[in-house]
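Report on one structure; see the data block that follows.
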Amino acid sequence: MKTKGLITLACAALLSTQVFAAKVDKAAPDFTLQNSLGEQVSLSDYAGKYVVLEWTNHQCPYVVKHYGSDNMQGLQEKYTEDDVVWLSIISSAPGKQGYVEASEANELTKSRNAKPSHVLFDPDGTVGKMYAAKTTPHMYIIDPEGDLRYAGAIDSIKSANPADIPKATNYVVAGMDALQAGGSPEKKLTPPYGCSIKYKS
């Protein structure tokens with residue numbers, strides 16, 4: 001009996017510390033992170049709106065591809081002007097590639113003319129792991145009902161070459177077009193490509 005009790009306690013402890021990943025076509029897990037202005041931002045703040053999540057690392061060549069060409073900024077501007085919320089999330093741990101303090105994040109936003117609704121910090125990786133974010137960039141679309149409707153790559157050509165952008169199918173655009181027309185993305189889940197996220201562990 002004693003052994004069974006210890007096993008039960010061990011299982012309960014494991015479940016309490018486990019991070020459950022988000023699943024496509026299921027409710028997107030809520031989270032709260034601090035933004036680059038020192039404010040607390042929760043996903044639930046934007047109930048009733050489309051939300052795009054973008055995992056980013058400004059030193060990653062694949063991120064540089066999309067920002068250096070103004071592709072990412074163009075998407076941010078297109079959708080935020082249409083009342084879509086765009087959350088850029090940095091899950092790089094302190095001391096690892098892509099980690100920035102708030103002042104540097106704000107300078108990057110300004111210098112690149114980026115247009116996210118917020119830049120959010122996830123230095124312990126909790127939210128990144130909750131969403132099973134693997135690469136930068138890694139993109140997600142959440143619909144106004146709060147369901148995760150797309151997760152994966154930004155587009156169909158896995159390269160760091162900006163010349164490939166016009167030739168690629170942009171999965172964020174395709175997904176948003178389908179959803180806003182009352183349908184579902186043709187591709188709901190695609191393999192992400194880019195640099196591995198520099199998690200704490």
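Tabulated data for the structure shown
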| item | result |
| --- | --- |
| Residue check, residue 172 in contact with a Pro (Cβ under 9 Å, 6 or more places away or on another chain), at negative phi and assigned to a helix (DSSP H, G or I) | no |
| Residue list for the stretch 85-99, restricted to those being touching a strand residue (DSSP E or B) at 6+ places or on another chain (Cβ under 8 Å) and surrounded by fewer than 21 Cβ atoms within 10 Å (Cβ to Cβ) | 85, 97, 98, 99 |
| Matching entry among 193, 140, 199 (being of a type outside the set (A, V, I, L, M, F, W, C), modelled with pLDDT of 95 or more and outside any loop (DSSP other than H, G, I, E, B)) | 140 |
| Residue check, residue 54 touching a Lys or Arg at 6+ places or on another chain (Cβ under 8 Å) and not aromatic (Phe, Trp, Tyr) | no |
| Candidates 199, 140, 171, 150, filtered to the one that is over 21 Å from residue 31 (Cβ atoms) and among the aromatic types (Phe, Trp, Tyr) | 171 |
| Tally, over the stretch 148-177, of residues that are surrounded by fewer than 15 Cβ atoms within 10 Å (Cβ to Cβ) and either farther than 18 Å from residue 67 by Cβ or touching a strand residue (DSSP E or B) at 6+ places or on another chain (Cβ under 6 Å) (or both) | 3 |
| Residue satisfying condition, being crowded, with 23+ Cβ neighbours inside 10 Å and in contact with a Ser or Thr (Cβ under 8 Å, 6 or more places away or on another chain), within set 125, 194 | 194 |
| Enumeration of residues in the stretch 129-140 that are under 9 Å from the mean Cα position of the chain (by Cα) and closer than 21 Å to residue 46 by Cβ | 131, 133, 137, 138, 139, 140 |
| The stretch 162-173 residues that are more than 27 Å from residue 142 (Cβ to Cβ), paired with ones that are surrounded by 15 or more Cβ atoms within 10 Å (Cβ to Cβ) and not β-branched (Val, Ile, Thr) (beta carbon under 7 Å, 6 or more apart) | 162/65; 162/69 |
| Residue in the stretch 74-84 that is touching a Lys or Arg at 6+ places or on another chain (Cβ under 8 Å), surrounded by 13 or more Cβ atoms within 10 Å (Cβ to Cβ) and basic (Lys, Arg) present | no |
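The values are calculated or read from the model by the stated rules, or taken from the named source; none is laboratory data. Just so we're clear, the structure is a prediction, and the values are computed from it rather than from any experiment. Because the Cβ atoms are built from the backbone with ideal geometry, glycine has one as well, and the counts that use them run over all protein chains shown.
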